[in-house]
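Accompanying notes for the structure given below.
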Amino acid sequence: MIKKVLIANRGEIAIRVMRACRELGISTVAVYSEADKNALFVRYADEAYSIGAARATDSYLNGEKIVDVCKKCGADAIHPGYGFLSENAAFAKLCEDNGIIFIGPSHKIISLMGSKVAARKELKKADIPLVPGCEDLIKDIDQAKSIAKDIGYPVIVKPSGGGGGIGMKVAYSEDELEDAIRQSKEMAGKAFKDNGVYLEHFIVNPRHIEIQILGDKFGNVVYLGERECSIQRRYQKVIEEAPCSIMTEEKRREMGEVAVRVGKAVNYQSAGTVEFIYSNGRFFFMEMNTRVQVEHPVTEMVTGVDIVKEQINIANGLPLSIKQEDIHMNGVAIECRINAEDPLNDFAPQSGKLKGYRSPGGVGVRVDSGVHTKFVIPYMYDSMISKLIVWGRNREEAILRMKRALYEYIIIGVKTNIVFHKAVMRNEKFIKGELTTHFIEDEGETLMREMKNILATEVPLADKFAELSSDGAKIAAIAGVAAYLEQQNKK
């Protein structure tokens with residue numbers, strides 16, 4: 001049985017896993033880079049070990065160092081979180097070869113589902129609905145033109161070994177195809193050390209809907225409903241919610257059963273996510289993520305299932321604690337990713353010391369964060385500060401609660417995208433649930449005007465609160481006005 005887990009990650013996801021371990025009576029071990037020596041997750045763990053310099057390649061991506069620490073401290077298992085080594089088949093195999101339990105699927109499944117072309121071939125046998133596309137990697141431009149003509153323009157060029165939207169390029173005509181392939185191969189080669197690409201028909205203005213599944217070592221696979229992940233920027237998710245506002249019980253069951261078939265087709269044993277493109281009542285398999293997702297809390301909020309605890313128990317050789325008939329979706333949950341970035345400047349990443357930090361609270365509010373006042377946001381890692389999740393009895397209440405929580409959220413010292421999330425929550429199309437993967441692009445001008453309007457109206461309000469005390473920043477923080485603090489940071 002697992003008694004000690006090393007978390008091969010950082011920030012909020014490291015703390016998220018540690019919390020699950022504490023509830024299971026499992027000791028935790030943190031590994032950290034030089035940039036994270038004062039991070040909250042380092043303090044939270046039962047043990048903590050430095051593994052190198054700030055660069056991820058010298059620390060969080062160095063599998064040998066992490067395994068060495070695991071063996072020296074006597075940890076039984078490694079949880080990879082998301083990102084970094086979470087979907088690295090070689091790292092999973094390294095753990096297996098050293099007798100360490102990898103809390104996730106086997107390296108063979110990671111390798112299979114990590115190759116988009118191989119996954120398509122495997123799932124075609126299981127009669128899973130696939131987006132029309134090619135079954136092999138593109139060899140040359142003439143072959144690509146022939147395939148594109150057969151499946152129809154527009155087409156999307158996708159790296160076979162990648163994820164997170166990196167390297168995806170759309171070609172709307174044959175004239176654009178060669179350049180799209182060239183760019184995609186270059187980006188894939190740099191990001192994944194694999195420049196193989198393939199083609200799919202590009203479905204215009206779809207919704208991005210994913211199904212959370214859990215599979216144990218006894219052949220049991222269940223689905224936990226769907227998540228709406230259509231609000232994206234450069235293929236990166238920004239806001240997620242569960243359930244999807246247009247989903248019917250019949251369609252949910254249909255998609256869920258397909259997701260379970262995907263899991264059973266590859267003998268999946270862990271927490272995983274099956275992602276679909278959805279358009280006009282039809283859905284197509286897009287990819288499977290063989291790890292816990294950033295957005296898993298919205299599913300936990302509406303189902304009451306602790307996905308990370310289930311994931312650890314599966315790795316421990318235990319059967320699922322729930323059956324399909326036990327799973328019901330209650331209410332609506334929304335997650336906003338709070339990032340250190342400037343939404344008025346093309347979302348440019350920000351870094352620096354947090355001079356003040358105050359997270360929201362109250363009924364139905366959850367904040368998964370790994371920062372604290374005086375913590376320095378490093379420039380070399382992902383810019384996410386926290387995940388703000390709210391729950392409501394219905395979507396209207398969830399949106400109103402998110403508005404309130406965003407109003408309370410104060411971060412001093414770096415620019416954040418809080419004002420962007422405020423603008424989305426006020427957007428008419430968002431409120432109506434009229435979402436596509438091009439929402440931010442299509443609503444860009446409207447969102448920009450709304451952000452400027454929010455800044456213009458909230459700054460004077462903050463000034464009124466500031467007059468009540470000589471400590472203007474503190475009073476403004478209590479008032480929950482992020483715009484005022486942003487103005488102070490510029491002085």
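Every number in this text was worked out from the coordinates using simple rules, so none of it is lab data. Everything quoted here is computed from the prediction, not taken from an experiment. Glycine also receives a Cβ, built like all others from the backbone with ideal geometry; neighbour counts cover every protein chain displayed.
Which of MET1, MET451 comes first, and how do the rest follow, when ranked by fewest Cβ neighbours within 10 Å? Mind dumping the intermediate values first?
Working: MET1 7, MET451 21.
Ranked by crowding around the Cβ, least crowded first: MET1, MET451.
Quick one: 3J(HN,Hα) in Hz for the range 402-408, Karplus 6.51/-1.76/1.60 with θ = phi - 60°, rounded, Gly and Pro as x.
5, 4, 5, 5, 5, 5, 7
Given a Förster distance of 30 Å, report the FRET efficiency between ARG253 and LYS121 from their Cβ-Cβ distance, rounded to the nearest 0.05. List each step's numbers first, then the result.
Details: r = 27 Å, r/R0 = 0.90.
My answer for the efficiency is 0.65.
Once both labels are modelled 7 Å past Cα along the beta-carbon direction, what's the LYS452-GLU396 spacing in nm?
Placing both labels 7 Å along Cα→Cβ, they lie 3.3 nm apart.
On average, how much area does the Cα convex hull of the chain cover when viewed from any direction, in nm²?
On the way: hull surface 90.6 nm².
Computing the convex hull of the Cα atoms and averaging its projections yields 22.6 nm².
Arranged by the count of other C-beta atoms within 10 angstrom, fewest first, what order do ILE385, ILE231 take? Don't skip to the answer; put the middle values down first.
Working: ILE385 28, ILE231 24.
Ranked by crowding around the Cβ, least crowded first: ILE231, ILE385.
Packing-wise, with mean Cβ within 10 Å as the measure, how do 400-410, 248-258, 340-350, 268-278 rank, highest first? Write out the running numbers ahead of the final one.
On the way: 400-410: 20.5, 248-258: 14.8, 340-350: 16.4, 268-278: 24.0.
Ranked from most to least packed, the peptides come out as 268-278, 400-410, 340-350, 248-258.
Name the long-range amide H neighbours of VAL414: under 5 Å, sequence gap of 5 or more, or other chain; modelled H, no Pro or chain starts.
It is LYS355, by chain and number.
Bin by bin, in steps of 10 Å, what percent of the Cα pairs in the range 244-362 do you find, going until the bin that has the longest distance?
9, 33, 32, 19, 8, 0
With +1 on each Lys and Arg Cβ and -1 on each Asp and Glu Cβ, how big is the dipole of the chain about its Cα centre, in debye rounded to the nearest 20? Write down the numbers at each step before the final one.
Values: 66 positive and 67 negative charges, 222 e Å.
Its charge dipole is roughly 1060 debye.
Which order do ARG449, ARG291, ARG337 fall in if you start with the one that has the fewest other Cβ atoms within 10 Å?
Values: ARG449 11, ARG291 25, ARG337 21.
With the fewest neighbours first, ARG449, ARG291, ARG337 line up as ARG449, ARG337, ARG291.
In terms of the ratio Rg/(2.2 N^0.38 Å) built on C-alpha atoms, what value belongs to the range 206-278? Don't jump to the answer; show the numbers that get you there.
On the way: Rg = 12.5 Å, N = 73, 2.2 N^0.38 = 11.2 Å.
For the range 206-278, the normalised Cα radius of gyration is 1.12.
If we sort 293-301, 234-242, 177-185 on the protection proxy, mean other Cβ atoms within 10 Å, highest first, what's the order?
Details: 293-301: 24.4, 234-242: 21.8, 177-185: 18.6.
Ranked from most to least packed, the peptides come out as 293-301, 234-242, 177-185.
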